[in-house]
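Please find one structure pasted underneath; my questions will follow.
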Amino acid sequence: WKTETEATPGIFKDFFGHGGWWRPELRPSVKYDTIAESFASLCQNFPREFQGLDTPENHALMQSFQARVPELSEKVRAKGPRTLIHGDCKTSNLFFSIQDDANENGEGREGAGEQKLRCSLIDLQWSGAASSGMGDVAYLLWSGVDVEGVRREAELIDIYYNALHAALLLANADAAAPAQTYTREEMESDYALEVLAYFATALPQLLNGMDEAYCEKWRGTYGWLTCETIPEVTAAFVSKALSVLREMKW
């Protein structure tokens, strides 16, 4: 979230101008004109999970949405770059470890003996600029958590925002750093757009043609996402996208 200046090297120069594997400009092979068809296929293949979603109104909404994907991309990029995102923030790119709580010299702090969960990210091939970090948040939430996790969506988003807000306040305490703010209203708007942006690619690219046999084959295997292997999560993801589309009156 540091602002670029002429006096500092550009941190964006070695990354994509718009990070995230799901961006249409980076996915020329994706058939975005099959969004409505892909939704219809899910409704047919998972009648129980999609029972409340298989309505004429929702089919019409998907039909209009697929024609507006280019417009969506412009909306996501409208603010210009303010930070970097990993761009492929899925669970198979997350490494976790338990470490003793110690300072940088390895010396135990007060309350030594406590352990903390550490997390590292690998695989930076889709990293790049973004107007917020919500692309990574939306992607991880809707591809890397189970049914109970997506039910806690509001709580998890709140945890993220509070951590980011605290970090920005700390950065602003440094006189050499420019003041930066990020309101909850901005965050919610960015999150809604990024949910749709990821959904627009995931639906025709990952979810098209899903059926029970496909889910049984790949569920729980390395690299495969929850939204493409757990029908309840898939339905929750589609329901979220439809809700955002209705709120945006698309």
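The values are calculated or read from the model by the stated rules, or taken from the named source; none is laboratory data. Fair warning: this is a prediction, and the values are worked out from it, not measured in the lab. Please note: Cβ atoms are built from the backbone with ideal geometry, for glycine as well, and neighbour counts cover all protein chains shown. Surface areas here come from the heavy atoms of the whole protein model, side chains and all, with no ligands, DNA or RNA. Shrake-Rupley method; radii C 1.70, N 1.55, O 1.52, S 1.80 Å.
Can you return the lysines within cross-link range of LYS75? Criterion is Cα-Cα under 19 Å, with same-chain partners fewer than 8 residues away left out.
LYS240, LYS249
What order, most packed first, do the peptides 193-203, 117-127, 225-235, 55-65 have when packing is the mean number of other Cβ atoms within 10 Å of each residue? Kindly include the intermediate steps, with their values, before the conclusion.
Numbers: 193-203: 24.4, 117-127: 12.5, 225-235: 21.8, 55-65: 14.8.
Sorting 193-203, 117-127, 225-235, 55-65 by mean packing, highest first, produces 193-203, 225-235, 55-65, 117-127.
Report the relative contact order of the stretch 133-250, percent, no decimals, based on alpha-carbon pairs under 8 angstrom and at least 6 residues apart.
35
What aspartates and glutamates sit close enough to LYS90 to cross-link, taking a C-alpha to C-alpha distance under 12 Å and skipping anything fewer than 8 places away on the same chain?
ASP123, ASP136
Now a separate question. Rounded to the nearest 500, what is the 222 nm mean residue ellipticity of the chain from helices alone, with -39500 (n - 2.57) per DSSP H run of 4+ residues and division by all residues?
-14000 deg cm²/dmol
Over the chain, with every protein chain in place, what whole percent of the accessible area is carbon and sulfur at 1.4 Å, could you tell me?
Carbon-and-sulfur percentage of accessible area, whole number: 54.
So for each of 39-50, 205-216 I average, over its residues, the number of other beta carbons within 10 Å; can you give me the resulting order with the highest mean first?
The densest-packed peptide leads the list: 39-50, 205-216.
I've got another one for you. Roll a 1.4 Å probe over the protein chains and send me the accessible area per residue for the stretch 27-70 in Å².
Using a 1.4 Å probe on heavy atoms only, each residue of the stretch 27-70 averages 55 Å².
Follow-up. Taking θ as phi - 60°, what are the ³J(HN,Hα) couplings along the stretch 239-244 by the Karplus curve (6.51, -1.76, 1.60), each to the nearest whole Hz, with x for Gly and Pro?
With the stated coefficients, the stretch 239-244 comes to 4, 4, 4, 4, 4, 5 Hz.
Straight-line reach only, C-alpha to C-alpha below 19 angstrom: list the aspartates and glutamates that LYS116 could link to, leaving out same-chain residues fewer than 8 apart.
Candidates past the 8-residue exclusion: ASP100, ASP101, GLU104, GLU107.
For the chain, take the longest principal axis of its alpha carbons; what is the angle in degrees between that and the long axis of helix 56-66, to the nearest 10 within 0 to 90?
Tilt of helix 56-66: around 60 degrees.
Still on this structure, please answer the following. Of the trypsin sites (Lys or Arg not before Pro) in the stretch 174-250, which ones lie in a loop per DSSP and count no more than 16 other C-beta atoms within 10 Å? It would help to have the intermediate numbers written out before the result.
Values: sites: ARG184, LYS217, ARG219, LYS240, ARG246, LYS249; in loops: ARG219, LYS249.
Here the trypsin sites (Lys or Arg not before Pro) that fit, given the DSSP loop and packing criteria, are ARG219, LYS249.
Run the numbers on the chain and let me know its relative contact order in percent, using alpha-carbon pairs under 8 Å that are six or more apart. Before the final figure, lay out each step's value.
Values: 333 pairs, mean separation 72.0, N = 250.
Averaging sequence separation for qualifying contacts and normalising by length gives 29 percent for the chain.
Below 8 Å between Cα atoms, with a sequence gap of 6+, how large is the relative contact order for the stretch 185-235 in percent?
Relative contact order comes out at 24 percent.
GLU114 to TRP250: FRET efficiency via 1/(1 + (r/R0)^6), r the Cβ-Cβ distance, R0 45 Å, to the nearest 0.05?
0.40
Still on this structure, please answer the following. So what's the angle, to the nearest 10 degrees on a 0 to 90 scale, between helix 134-144 and the longest Cα principal axis of the chain?
60
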